[in-house]
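A short worksheet on the structure shown next.
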Amino acid sequence: MIQAAVEETRPRCRLYLITPASLTCDPVSLESFRDILELALDGGDVACVQLRLKQVSDADWQRAADILAPIVQSRDVAFILNDRADLVVSTGADGVHIGQEDLPYEEARRLVGPDRIIGVTCKSSRDLAVDASEAGADYVAFGAFFESNTKTITTPASTDILTWWQEATTTPSVAIGGITAENCAPIVSAGADFLAVAGGVWAHTAGPAAGVAAINAAIDAAQFSRN
């Protein structure tokens, strides 16, 4: 899990899997995606799965969590909600990821309690990352590093921020934005603790399980060359 990401020495970079933008909350789609997600999780190491939904009801969030969380958590993988700190406890999620336009960290912490994960988007800002870490965030997210189909890029990030962050603190970093097995090597080498990936897994030509395996192989190759 993310809480265990930082030890006396930095551990291996890991995959932070984000659900596809095309995911819908009707029961048939969720049941179908559950099977796909199971295959993906069996494809290799995954640290957590972030459920990312937009413009759906609270009931839809609950339905998605009821179907997806058990298969994620049964594999000792963290199940994270995007934005919705207010639903973390009721859905049984392990935590929440909040952006700069969402509620403040302190309010998110009040809602989720002391033991659940909170990650904070910091874009390409060192100041935002320091503020989040000092407030108690479990990880900070930097990006986007590449063009992304998941969200609009407003502040492109340089890999320099990952190296600076690794040298400055023990709070884990998540790199996000268009990351694939083909382009992740410099991100890993720069010091990212986690790679947030959506399309690089779900759109893989050989299927999501192969996408997960490919990301893990690329992480191992990049870390071996760095070490």
In segment 169-227, residues that are outside any helix (DSSP H, G or I), over 16 Å from the mean Cα position of the chain (by Cα) and under 15 Å from residue 144 (Cα atoms) total 1
Across segment 218-227, what is the number of residues that are of a type outside the set (S, T, N, Q), in contact (Cβ under 8 Å) with a residue 40 or more places away in the chain and either on the phi > 0 side of the Ramachandran plot or surrounded by fewer than 22 Cβ atoms within 10 Å (Cβ to Cβ) (or both)?
2
List pairs: first residue in segment 103-118 and under 15 Å from residue 83 (Cβ atoms), second residue surrounded by fewer than 20 Cβ atoms within 10 Å (Cβ to Cβ) and of a type in the set (Val, Ile, Thr) anywhere in the structure, Cβ distance under 9 angstrom, at least six positions apart or on different chains.
111/89; 112/89; 116/89
State yes or no: is residue 128 more than 17 Å from the chain's Cα centre (by Cα) and either surrounded by 15 or more Cβ atoms within 10 Å (Cβ to Cβ) or in a helix (DSSP H, G or I) (or both)?
yes
First in segment 67-87 and within 16 Å of residue 37 (Cα to Cα) and in contact (Cβ under 8 Å) with a residue 60 or more places away in the chain, second anywhere and β-branched (Val, Ile, Thr) and assigned to a helix (DSSP H, G or I), Cβ under 7 Å, 6 or more apart
78/2
Hey, among 185, 209, 190, 198, which residue is under 20 Å from residue 40 (Cα atoms) and in contact with a helix residue (DSSP H, G or I) (Cβ under 6 Å, 6 or more places away or on another chain)?
209
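Coordinate-derived values only; no laboratory data. Bear in mind that the values here come from a model prediction, so they are computed numbers and not experimental data. We place every Cβ from the backbone using ideal geometry, glycine too, and count neighbours over all the protein chains shown.
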